[in-house]
Amino acid sequence: DDWLLKEDGSLHEESFGSLHDRAHAGRLGNVLTLNGAPHETIPVRAGERIRLRLCNSCNSRILELKLEDVAAHVIARDGQPVEPKPLEDGRLSLAPAQRIDLAVDMTGKPGSRSAIAEVSQGRVVAGIFAYHPSETRKRREELLRLPANQLSEPAADPARKVDLIMTGGAMGGMERALFKGRELPIRELARQHGMVWAFNGVAGMGEKPLFSVRKGESVEMRMVNDTRWPHAIHMHGHHFRQSDAAGGSSAAPWLDTILIARDETATVRFVADNPGKWMIHCHMLEHQAAGMGTWFEVTG
Ligand SMILES: [Cu+2]
């Protein structure tokens, strides 16, 4: 997690709800914690293979992590197993709400230490692998491959197509949006309601769903980031595959959160097989609070 603290260690409460944070990259902190602690220490033994699940629970920070002096494979993303793939140079990028499971081989010597560092701006040590001074362990090979979950494969060309167009934010040029059924100019949206973003021209949760589908229907959603900021779009109740990913749809992992860079588009497909009312929102929480949230309905 990413905390904005004052010098005495207390939370910087005055900046909660800051319109500047809402319209820019969200609330960014100055102290990074792992499992709630700065410099969390993870006891390990030389030679063993551990499973490490990383979850970015920061409000808004996109983490650039580097696992130093270990060998690791990515074995799952957003809770869904993937074909094990070596982590290049120990580095990985994790947007808010994204999870990644790693099989980490503790290749250091007994008694040594190695860091999990955040390297987006310089190097901040987030956590430490501390090797037992003498004990060693044999590597458990079976930890590498996870059994796949049974997810329904979406149709190759779903009849149901939905657009999710993101607008607003600083330098975005959004002039107006619908808020609680009324069309308001950006000045009023921002100053009186703290709203600075919109999905499809609507700021905040509408009374009606973005779309409604019958259970089992395949959906193709084109997520268009027409803003100057990256967004971590998170869908509840379902996992999707990106269909315009490099290497094609079948190679794309199942995800429920996708980071979409400024001026980029990602098209995803999924089977709406989970009845209920589900949110889609930017998981940069200040963006969500400032308009980037909507919902869809799957009828039984
Ligand atoms: Cu966002």
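The values are calculated or read from the model by the stated rules, or taken from the named source; none is laboratory data. Everything numeric here is computed off the predicted structure, so don't read it as measured data. Every residue, glycine as well, gets a Cβ built from its backbone with ideal geometry; the counts of neighbours run over all protein chains shown. Note: accessible area is taken over every heavy atom of the protein model, side chains too, but ligands, DNA and RNA are not part of it. Shrake-Rupley method; radii C 1.70, N 1.55, O 1.52, S 1.80 Å.
Summary table
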quantity: Stretch gain in nm, segment GLU64-GLU183, where the contour uses 0.36 nm per residue and the Cα spacing is subtracted; calculated: 39.0 nm
quantity: Descending Cα extents along the principal axes, segment 156-296, whole Å; calculated: 45, 30, 23
quantity: Extension gain from THR136 to VAL119, taking 0.36 nm per residue of separation minus the Cα-Cα distance; calculated: 3.2 nm
quantity: Approximate spin-label separation ARG51-ALA37, in nm, with each point projected 7 Å along Cα-to-Cβ; calculated: 2.3 nm
quantity: Per-residue [θ]222 nm for the chain (sum of -39500 (n - 2.57) over DSSP H runs n ≥ 4, rounded to 500); calculated: -1500 deg cm²/dmol
quantity: Candidates ALA190, ALA203, ALA232, ranked by Gaussian network fluctuation over the chain, Cα under 10 Å, top entry; calculated: ALA190
quantity: Cα centroid separation - segment 227-295 against segment 171-194, whole Å; calculated: 23 Å
quantity: Packing rank of 145-155, 107-117, 63-73, where each peptide gets the mean count of other beta carbons within 10 Å, highest leading; calculated: 63-73, 107-117, 145-155
quantity: Solvent-accessible heavy-atom area per residue, rounded to whole Å², over segment 2-143 at 1.4 Å; calculated: 52 Å²
quantity: Reachable aspartates and glutamates from LYS208, criterion Cα separation under 12 angstrom, eight or more residues apart if same chain; calculated: GLU297
quantity: Backbone HN-Hα couplings from phi across segment 122-133 [Karplus 6.51/-1.76/1.60, Hz, Gly and Pro as x]; calculated: x, 10, 10, 7, 9, x, 9, 7, 10, 6, 4, x
quantity: Packing-based order for 30-40, 52-62, using average beta carbon neighbours within 10 Å, highest first; calculated: 52-62, 30-40
quantity: FRET efficiency for ARG191 and LEU144, using Cβ-Cβ distance with R0 set to 51 Å, rounded to 0.05; calculated: 0.40
quantity: Computed log₁₀ I(q)/I(0) - Debye formula, equal Cα scatterers, no solvent, the chain, q 0.08, 0.16 Å⁻¹; calculated: -0.41, -1.29
quantity: Whole-percent carbon and sulfur share, accessible surface of the chain, 1.4 Å; calculated: 50 percent
